[in-house]
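Peer 1: Got a structure here, written out as structure tokens. Questions coming.
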Amino acid sequence: MRGVWHFSFTVADLDRSVAFYQGLLGFTLVHRQEQDNDYTRRLVGYPDAVLRVAQLAVPGQPRGVSTHDLELVEYVRPRGAPRDQARHLPGAAHLALTVEDARAEHARLSAAGVTFVNPPAEITAGVNKGGYACYFLDPDEITLELVQPPPGL
């Protein structure tokens, strides 16, 4: 392995998700495209696949081997039904984002209608002791996490 290229979420409505990640969370939109080609169909394993894709980056995040951190994918064909996004189920994933002030971000995002699992909780044990963290949901109920690192980290 040489590095991480990106992290990806499959979403129901690409435009809605881009508005959330770009508008509310401050990601930068790097690129959008529709993928309707043989390569994509072979890659995803669906012979009739058509995808809409957006690539986003966290501003100020050092760039690795890729130009983006997060890829959002909407399957135009085949369409999928929403699935249970419960965090305790095997295969569930979440993306943790660092912030300067978890309580301020919680207040800002809550005021914008974002659903939170919990308010920022103080981390009382482990390497991040003294920081704060909370879970929240994107428009597809994908779990995201705000992490305020402990002082000095």
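The values are calculated or read from the model by the stated rules, or taken from the named source; none is laboratory data. Remember, predicted model here, so these are calculated numbers, not experimental data. Cβ: placed from backbone, ideal geometry, glycine included. Neighbour counts: every protein chain shown. Accessible surface areas use protein heavy atoms only, side chains included; no ligands, DNA or RNA. Shrake-Rupley method; radii C 1.70, N 1.55, O 1.52, S 1.80 Å.
Peer 1: Roughly how many nanometres apart are two label points built 7 Å out from the Cα toward the Cβ at Gln61 and Glu145?
Peer 2: Rounded to a tenth, the inter-label distance reads 1.5 nm.
Peer 1: Oh, and also: Quick check: residue separation of Asn37 and Asp15 times 0.36 nm, minus the Cα distance between them. What number comes out in nm?
Peer 2: 5.8 nm
Peer 1: Give, in nm to one decimal, the length gained when the segment between Val50 and Leu137 is fully stretched (0.36 nm per residue of separation minus the Cα-Cα distance).
Peer 2: Here the segment from Val50 to Leu137 would lengthen by 28.7 nm.
Peer 1: Add +1 for every Lys or Arg and -1 for every Asp or Glu among the other residues with Cβ under 13 Å from the Cβ of Arg108, and state the total.
Peer 2: On the way: positive: Arg103; negative: Glu100, Asp101, Glu105.
Value of the local net charge: -2.
Peer 1: Report the relative contact order of the stretch 1-83, percent, no decimals, based on alpha-carbon pairs under 8 angstrom and at least 6 residues apart.
Peer 2: 40 percent
Peer 1: May I pose another question? Averaged per residue, what accessible surface does the chain expose to a 1.4 Å probe, in Å²? Don't skip to the end; give the middle numbers.
Peer 2: Details: 9180 Å² over 153 residues.
Per residue, the chain has 60 Å² of solvent-accessible surface.
Peer 1: If the only charges are +1 at each Lys and Arg Cβ and -1 at each Asp and Glu Cβ, what is the size of the charge dipole of the chain around the Cα centre, to the nearest 20 debye?
Peer 2: In debye, rounded to 20, the chain gives about 260.
Peer 1: What ranking do 34-47, 8-21 get when scored by the average of other Cβ atoms within 10 Å per residue, highest first?
Peer 2: Packing order, densest peptide first, comes out as 8-21, 34-47.
Peer 1: Same structure, new question: Ignoring any ligand, DNA or RNA, what whole percent of the accessible area of the chain comes from carbon and sulfur when the probe is 1.4 angstrom?
Peer 2: Carbon and sulfur atoms account for 54 percent of the accessible area of the chain.
Peer 1: Would you be so kind as to identify which of Thr143, Ala111, Asn128 lies farthest towards the positive end of the dipole of the chain, taking Lys and Arg as +1 and Asp and Glu as -1 on Cβ and the Cα centre as origin?
Peer 2: So the residue we want is Asn128.
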